[in-house]
Amino acid sequence: MKSDERHIIQRILQGETALYEYFIHTYSQQVFALTVRIVSNQEDAEELTQDTFLKAFQHLSAFKGNCSFSTWIYSIAYNTAISSLRKKSMNEELKDKGLRKAARKQPEFRLPSNFTYRTMLKVEEAVHLREKKTERKTLFATILAALFLIGCSATGLFLCFGENIRRAFTPTPLLQMEEIQTPSFYALLIITIPFFMLFDRWMRRQYFKRHS
């Protein structure tokens, strides 16, 4: 694998998704040529080529560099095209016909000039949806942490002052103050503080991951 492509992939995984345009621009025509030979339809091939690059982007972290990026993307393109044929319930004879074309026939069509731009729009949309999903998870975790804090606070108040509060609302001749249950209170702190330290660390990682 080319060292510069490996470097580009690392930067994409770190958040510079606009750099993915390099791979679309470099390999889209070859991927389209392979796909159109198999499916024998320009419109289907163009759509499947977009699907191929979207799949590659969504699984880019799984690319380990054991082979070239071109080999990896061609494999995705081939599997995507074959899956499309199966979904259309093509019989084995037509499949073989498409594969024979892939082996001997030169491409008759070319991708439109704005293919890279349109594919990058889909990539950006996928990134936006992924960020929204992450934000929802973060919000859900924050709500759970807040509820946990409220519960711990209420429990701490009950353990420390529950009896005194109950006596304050109970008419008695003489209200006697009782000693605060410090062991239970400190035990609650020991349980709560590490939890919030871990939660704060996770929140910081999520923030820097999205803004690095």
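Yes/no per residue for (1) within 20 Å of I9 (Cβ to Cβ); (2) at pLDDT below 80:
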residue	(1), (2)
Y27	yes, no
L34	no, no
I38	no, no
L48	no, no
S84	no, no
G98	no, yes
R110	no, yes
N114	no, yes
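Could you check A77 against (1) among the small types (G, A, S); (2) out of contact with any Ser or Thr (no Cβ under 8 Å at 6 or more places or on another chain); (3) in contact (Cβ under 8 Å) with a residue 24 or more places away in the chain and say which number it fails? All conditions pass for A77, except number (2). Here is a check on your reading of the model: is H25 exposed (fewer than 13 other Cβ atoms within 10 Å of the Cβ) and in a helix (DSSP H, G or I)? Taking the combined requirement at face value, the residue does not satisfy it. Within the range 137-155, residues that are assigned by TED's automatic domain parsing to the domain that holds L198 reach partners that are among the hydrophobic types (A, V, I, L, M, F, W, C) with beta carbons closer than 6 Å, at six or more positions or on different chains, in the pairs A145/F199.
The values are calculated or read from the model by the stated rules, or taken from the named source; none is laboratory data. Just so you know, these numbers come straight off a predicted model, no measurement behind them. Note: ideal-geometry Cβ built from the backbone for every residue, glycine included; neighbour counts use all protein chains shown.
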